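The values are calculated or read from the model by the stated rules, or taken from the named source; none is laboratory data. Since we're looking at a predicted model, the values are computed, not measured. Ideal geometry is used to build each Cβ from the backbone, glycine not excepted, and the neighbour counts take in all protein chains shown. Only protein heavy atoms, including side chains, enter the accessible area calculation; ligands, DNA and RNA are left aside. Shrake-Rupley method; radii C 1.70, N 1.55, O 1.52, S 1.80 Å.
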Amino acid sequence: MFTGIIEAVGSIRHVHPEKDAVRIHIDPGKLDLADVTIGDSIAVNGACLTVTAFEEECFTVDVSGETLSCTHGLDIPGNLVNLEKALRFSGRLDGHLVSGHVEGIGEVMEFTQIGDRCLLAIELPLQLLKYIIPKGSITVDGVSLTVNQIDAERVEINLIPHTLANTTFRQFEPGKKVNLETDMIAKYVARLLDQAQGIQP
């Protein structure tokens with residue numbers, strides 16, 4: 001479980017293809033790994049991945065073909081990635097509850113600087129729209145964000161300078177693919193409503 005509050009920006013140093021998977025070596029950047037052990041979880045661009053080794057000042061994770069099929073950017077050497085260690089329930093929940101299970105890939109439609117802030121507009125897969133509400137939460141490449149507005153298949157988000165300075169978002173441009181996870185509570189509510197109405201998933 002995560003919060004969507006990014007702790008560091010790292011980079012994918014090496015990608016080694018394996019049968020139905022890839023092994024990835026990730027440079028942690030400024031992420032403190034002193035309290036991380038093999039078997040712990042780290043969210044990498046929003047995907048919950050298990051640490052399998054520490055090598056060459058990197059941590060190593062194995063990414064299955066299933067995860068690769070529903071995410072973007074995890075197997076691109078040199079790609080910058082947002083990193084967050086798993087939530088400790090003794091700490092503060094500054095973002096929102098994030099599972100690290102990416103549900104789909106969106107596309108940046110607009111990335112416009114307005115003063116010291118930035119307007120980010122993303123086109124979402126249709127199946128995710130029912131879990132989105134204005135002022136609700138969404139996770140984009142592992143970052144907990146608040147939806148400002150919904151327009152057809154697109155959501156608009158205002159980014160503050162802190163977010164731009166401490167995530168990979170400063171490299172965004174129209175056409176960029178991003179990993180998305182909708183709000184966990186919204187999914188449970190939608191599921192219960194569907195069951196109450198006799199709708200099968």
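Listed values, structure above:
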{"quantity": "Residues located in segment 105-117, provided they are surrounded by 13 or more Cβ atoms within 10 Å (Cβ to Cβ) and modelled with pLDDT under 95", "calculated": "ARG117"}
{"quantity": "Failed condition for THR3, given (1) under 13 Å from the mean Cα position of the chain (by Cα); (2) of a type in the set (S, T, N, Q); (3) open to solvent by 80 Å² or more (accessible area, probe 1.4 Å)", "calculated": "(3)"}
{"quantity": "Any chance SER41 is hydroxyl-bearing (Ser, Thr, Tyr), closer than 19 Å to GLU181 by Cβ and open to solvent by 50 Å² or more (accessible area, probe 1.4 Å)", "calculated": "no"}
{"quantity": "Candidate set: segment 177-201, residues that are under 21 Å from MET109 (Cα atoms) and among the β-branched types (Val, Ile, Thr); chosen: the one modelled with the highest pLDDT", "calculated": "VAL178"}
{"quantity": "Complete set of residues in segment 17-36 that are modelled with pLDDT of 95 or more, assigned to a strand (DSSP E or B) and of a type outside the set (Asp, Glu)", "calculated": "VAL22, ARG23, ILE24, HIS25, ILE26"}
{"quantity": "Extreme residue, surrounded by the fewest Cβ atoms within 10 Å (Cβ to Cβ), among residues of segment 79-97 that are in a strand (DSSP E or B) and touching a Leu at 6+ places or on another chain (Cβ under 8 Å)", "calculated": "LYS85"}
{"quantity": "In segment 146-176, residue modelled with the lowest pLDDT [restricted to those that are surrounded by fewer than 14 Cβ atoms within 10 Å (Cβ to Cβ) and assigned to a strand (DSSP E or B)]", "calculated": "ASP151"}
